[in-house]
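Below is one structure, written out as structure tokens; comments come after it.
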Amino acid sequence: YISRTTGTAFTSNQKFTVSGWIKCPFPPSSGDNHMFCIGSASGSTGSVFLYVQGSGALTAYGYNPNLALVTNRLLRDPAAWYHWVLAVDTTQGTPADRNKIYINGVQETSFGTETNYGSSDTLDALASGKIQYIGSFTNGIGPLLGNLSHVQYVDGLQLAPTEFGEEDATSGIWKIKTTAYATPGTNGFYLKMEDRTNLDLDSSSNAFTFTTSGTLTATYDNPSNNFAT
């Protein structure tokens, strides 16, 4: 997994957007179903993370304050690249607008479990000194067994998925945008994972240094060239 300890305060402790492309086996082959965790996970003292449950439900959880979104839609295609976006702005007046999940450019509105952030909640995960994890929960729990590409975190803004992907004019397929968002914020980053010798390279204007734990394996399988599975 990849991680980075934030050394300065976030642009906002109420607003952020995280975007990533993932391709993973189904059902999860790990004993722990935290297949994809991204954001500012720091354990029960303050965390925000995304993962797929054993059923295939995409889940967003947060602690201090609490967030729980479990989609009724199930992601069970092991041959597909999925684009996930979690966009948060707790200052929004409508509860469901404070935390939005998108899959392949479409907002999910049907949840088996739905606990939204409260009005103007501040997130403990978005504080200086917390650790950002990509590919695991806190301290490597539940490591990802799958592929990741173009993982982007924007600090201080709730953005639409069209900042990171677009519909192909000919096929109608949701496809990737490879340009970094221009203003990533204080702790924003962009891991393209396209440099096979440096998979944790930050291509955002912040150019942060990340730490890799364990072994990352490069693959030519990517959202623009999906290999047969």
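Structure remark: mean-square fluctuation, Gaussian network model of the chain, C-alpha springs under 10 Å; the largest value among Gly172, Gly62, Gly188 belongs to Gly172.
Would you work out if segment 39-184 is rounded, prolate or oblate? Take a ≥ b ≥ c from the square roots of the eigenvalues of the alpha-carbon gyration tensor; rounded if a/c is under 1.5, else prolate when a/b is larger than b/c, oblate otherwise. It is rounded, given that a/c, with a ≥ b ≥ c, falls under 1.5.
Considering only Gly165, Val48, Ile176, and ranking their Cα positions along the charge dipole of segment 35-190 that arises from unit charges at the beta-carbon of Lys, Arg, Asp and Glu, the one farthest toward the positive end is Val48.
Of the listed residues Ile176, Ile101, Ile131, the order by accessible area with a 1.4 Å probe, largest first, is Ile131, Ile176, Ile101.
Over the chain, Cα pairs under 8 Å with separation of 6+ residues give a relative contact order of 28 percent. Ranking Leu74, Leu126, Leu144 from most to least accessible surface, computed with a 1.4 Å probe over the protein chains only, gives Leu74, Leu144, Leu126. Only protein heavy atoms count here; on that basis, with a 1.4 Å probe, Asp97 has an accessible area of about 50 Å².
Considering the chain as a Gaussian network with a 10 Å cut-off on Cα pairs, which listed residue, Ser203, Ser213, Ser136, attains the greatest mean-square fluctuation? Maximum fluctuation in the GNM of the chain, among the listed residues, is at Ser213. Only lysines eight or more places from Lys175 in sequence, or on another chain, were considered; those with a Cα closer than 18 Å are Lys23, Lys192.
The values are calculated or read from the model by the stated rules, or taken from the named source; none is laboratory data. Just so it is clear, the model here is predicted, and its values are computed rather than measured. With ideal geometry, Cβ positions are generated from the backbone for all residues, glycine too; neighbour counts draw on all protein chains shown. Just so you know, the surface numbers come from the protein's heavy atoms only, side chains and all, with ligands and any DNA or RNA stripped out. Shrake-Rupley method; radii C 1.70, N 1.55, O 1.52, S 1.80 Å.
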